[in-house]
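*Asks:* Below is one structure. I have some questions about it.
Please treat every number below as a calculation from the coordinates, not as lab data. Since the model is a prediction, treat every value here as computed from it, not as a measurement. All Cβ positions, glycine included, derive from the backbone under ideal geometry; neighbour counts span all protein chains shown.
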Amino acid sequence: MKIDRIELLHLKMPLLHPFETSFGRLTEKDFYLIKMFSGEHIGYGESVAMPNPGYTEETTGTSAYMMEEFLIPLLFNSKINHPDDVSAIFSPIRRNNMAKAALEGAVWDLYSKKRKISLANALGGTRESIDVGVSIGIQKSSDDLLLKIEGYLSEGYKKIKVKIKPGYDLEPLTKIRERFGFNIPLMADANSAYSLEDLDHLKKLDPLKLLMIEQPLAFDDMIDHAVLQKQLDTPICLDESICSAEDARKAIELDSCRIINLKIGRVGGLTEAKKIHDLCKKNNIPVWCGGMLEAGVGRAHNIAITALSNFTIAGDTSASDRYWQEDIIQPEVEMSAPGKIAVPTSAGIGYKLNEQVIKKYMIGKKIYTNDI
Ligand code: OSB
Ligand code: MG
């Protein structure tokens, strides 16, 4: 598969609602859309890095720099027979997983378009539709939070994930249980806001019977999470700490978590995501697909990987209209039934680009041609 040209389109899209976590507040998505040209086909990818290095070390700017300076030249200089080759091609570069995943995703899309199969099928996915939930940022008041949850439940979302931080945890979660009962699938995501010193406090979450608590401790920790898991009934789910299949293996061996949030960008691409999926399946660790407030192309990649069999818990990939006034794809991501999104069956990611919307939000464009 020869790549003729790569375009990096820099977009800034305002979020419909600001998204607040323990690491900051986001009002717009600043990202790169990748167009990869090969013969008559175009593959699409999206860089999911955030503008600031608060979630992981990468940013929109560092991912662009790594793509331009190192990853695109490596791709142009290498022979690609299968998208699985890309991780080996990128292996001289340490980490920078979101930059790698953005380009690798476009290669996977190209590959499936050339073979005229859906990306989900190319990855080995078998589901016709996926279950989806919603991740709700920190709200100004508990009333705002309860109102939002009521809306999402009525739309059919199958999992409610609430961001928490010290001082904003037991109270909102208790109010949710009081209001909606113990039957709603509820979980909390701390984005590394606690330490083992909070052990006694975190134990107070157990009676709330959360589906799981996501990444309570440090982003790069596995040992303390194992200590905490021993003391908690609530299953720990790791997000930030799992950046590779090797990380997943170690976390499983140490019993640092009982569930894994799988994000394509965080682990460096679809090939690595599939490896983690397979490893977790073998070890009876359920996975679900996390989100990075993606625009349509990233969202489409998430839907495709979620078609794999061990994605047994609803993910964070909500419909486009939860985030955007207008999305960059056609059709937009919509629920096909309450709490479900149909997995596209047409070739590649299964969505077309909406060039008009892209033009509206594009603030820059760089073109790299393969002269080799
Ligand atoms: O921790 O899962 C996270 C968004 C940005 C960075 C990190 C996270 C999130 C979310 C939102 O929780 C998920 C989404 O709706 O895309
Ligand atoms: Mg998370």
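*Asks:* Counting only other residues whose beta carbon sits under 12 Å from that of Met187, what net charge do I get with K and R as +1, D and E as -1? All intermediate terms of the calculation are to be shown ahead of the outcome.
*Replies:* Numbers: positive: Lys158, Lys159, Lys161, Lys163, Lys209; negative: Asp189, Glu214, Asp239, Asp316.
Value of the local net charge: +1.
*Asks:* Now, a different point. Apply the Karplus parameterisation 6.51 cos²θ - 1.76 cosθ + 1.60, with θ equal to phi minus 60°, to every residue of the range 298-311 and state each ³J(HN,Hα) to the nearest whole Hz, in sequence, with x for glycine and proline.
*Replies:* x, 4, 5, 5, 4, 4, 4, 5, 5, 6, 6, 5, 8, 7
*Asks:* Now a separate question. Need one word for the range 30-165: rounded, prolate or oblate. Basis is the Cα gyration tensor (sqrt eigenvalues a ≥ b ≥ c); a/c below 1.5 gives rounded, then a/b vs b/c decides. Don't skip to the end; give the middle numbers.
*Replies:* Values: a/c = 3.00, a/b = 1.59, b/c = 1.89.
It comes out oblate by the Cα gyration axes.
*Asks:* OK, next. Scan around Gly348 for amide H atoms under 5 Å from its own, H built in the peptide plane at 1.01 Å from N, and keep only partners 5 or more places away or cross-chain.
*Replies:* Residues meeting the amide H criterion: Lys113, Ile117, Ser118, Leu119.
*Asks:* How many nm separate the modelled label positions at Ser141 and Met362, each set 7 Å beyond the Cα in the direction of the Cβ?
*Replies:* For the pair Ser141/Met362, the computed spacing is 4.4 nm.
*Asks:* Then there's this: Of the peptides 131-138, 95-102, how do they stack up when ordered by the mean number of other Cβ atoms within 10 Å, highest first? All intermediate terms of the calculation are to be shown ahead of the outcome.
*Replies:* Values: 131-138: 22.5, 95-102: 27.0.
The peptides rank, most packed first, as 95-102, 131-138.
*Asks:* Just rank His301, His41, fewest to most, by other beta-carbon atoms within 10 angstrom.
*Replies:* Details: His301 33, His41 17.
Going from least to most buried by this count: His41, His301.
*Asks:* Continuing with this model, one more query. Using alpha-carbon positions, what is the distance between the centroids of the range 315-336 and the range 36-114, in Å?
*Replies:* Each part reduced to its Cα centre gives a spacing of 23 Å.
*Asks:* Within the chain, which is the longest segment containing none of the GluC sites (Glu not before Pro) that sit in a DSSP loop and have at most 11 other Cβ atoms within 10 Å? Show your work: numbers first, answer last.
*Replies:* Working: sites that count: Glu40, Glu334.
Here the longest segment lacking exposed loop sites spans 41-333.
*Asks:* Still on this structure, please answer the following. Counting Lys +1, Arg +1, Asp -1, Glu -1, what net charge surrounds Ala295 among other residues with beta carbon under 9 Å of its beta carbon? Could you put the intermediate results ahead of the total?
*Replies:* On the way: positive: Lys29, Arg299; negative: Glu46, Glu294, Asp327.
Overall, the nearby charge balance is -1.
*Asks:* Can I ask one more? With a point put 7 Å past each Cα toward its Cβ, work out how far Asn121 is from Glu57 in nm, to one decimal.
*Replies:* 4.1
*Asks:* If we count other beta carbons within 10 Å of each Cβ, what is the order of Cys280, Cys289, Cys243, fewest first? Please list the in-between numbers first.
*Replies:* Numbers: Cys280 24, Cys289 27, Cys243 19.
With the fewest neighbours first, Cys280, Cys289, Cys243 line up as Cys243, Cys280, Cys289.
*Asks:* If you put +1 on each Lys and Arg Cβ and -1 on each Asp and Glu Cβ, how big is the dipole of the chain around its Cα centre, in Debye rounded to 20? Present the calculation step by step, with values, prior to reporting the outcome.
*Replies:* On the way: 46 positive and 51 negative charges, 175 e Å.
Using Cβ point charges on Lys, Arg, Asp and Glu, the chain gives about 840 debye.
*Asks:* Explain nothing, just compute: Karplus ³J(HN,Hα) = 6.51 cos²θ - 1.76 cosθ + 1.60, θ = phi - 60°, for every residue of the range 11-24 in order, whole Hz, x for Gly and Pro.
*Replies:* Karplus values, whole Hz, x for Gly and Pro: 10, 10, 10, x, 6, 4, 10, x, 10, 10, 10, 5, 9, x.
*Asks:* Please compare each pair in Lys175/Lys209; Lys159/Lys230; Lys159/Lys209 to a cut-off of 18 Å on the Cα-Cα distance and tell me which ones are over it.
*Replies:* Numbers: Lys175/Lys209 13 Å; Lys159/Lys230 25 Å; Lys159/Lys209 14 Å.
From Lys175/Lys209; Lys159/Lys230; Lys159/Lys209, over 18 Å: Lys159/Lys230.
*Asks:* Considering amide H positions built from the backbone, and no H for Pro or chain starts, which residues 5 or more places from Gln330, or on another chain, come under 5 Å of its amide H?
*Replies:* Lys352, Leu353, Asn354
*Asks:* Rounded, prolate or oblate: which fits the range 155-304 when a ≥ b ≥ c are the square roots of the eigenvalues of the alpha-carbon gyration tensor, with rounded for a/c under 1.5 and prolate only if a/b beats b/c? Spell out each step's value before the answer.
*Replies:* Numbers: a/c = 1.85, a/b = 1.25, b/c = 1.48.
Taking the square roots of the gyration eigenvalues as a ≥ b ≥ c, the range 155-304 is oblate.
*Asks:* Follow-up. Name the residues whose placed amide hydrogens come within less than 5 Å of the amide hydrogen of Val48, ignoring near sequence neighbours (fewer than 5 apart) on the same chain.
*Replies:* Result for Val48 returns nothing.
*Asks:* Using a Förster radius of 25 Å, what is the FRET efficiency between Thr174 and Leu16 based on their Cβ-Cβ separation? Nearest 0.05, please. Display every interim value, and only then the final one.
*Replies:* On the way: r = 28 Å, r/R0 = 1.13.
That gives a FRET efficiency of 0.30.
*Asks:* Could I ask something else about it? For the range 179-195, what does the Karplus curve 6.51 cos²θ - 1.76 cosθ + 1.60, with θ = phi - 60°, yield as ³J(HN,Hα) per residue in whole Hz, taken in order and with x for Gly and Pro?
*Replies:* 7, 10, x, 8, 8, 7, x, 10, 9, 10, 10, 9, 6, 6, 7, 10, 9
*Asks:* OK, next. What relative contact order, as a whole-number percentage, does the chain give when Cα pairs under 8 Å and 6 or more residues apart are counted? Display every interim value, and only then the final one.
*Replies:* Working: 803 pairs, mean separation 85.7, N = 372.
23 percent.
*Asks:* Let me ask something else about it. Tell me whether the chain comes out rounded, prolate or oblate; compute the Cα gyration tensor, take square roots of the eigenvalues as a ≥ b ≥ c, and use a/c under 1.5 as the rounded threshold. Mind showing how you got there, number by number?
*Replies:* On the way: a/c = 1.74, a/b = 1.50, b/c = 1.16.
Prolate, since a/c reaches 1.5 and a/b exceeds b/c.
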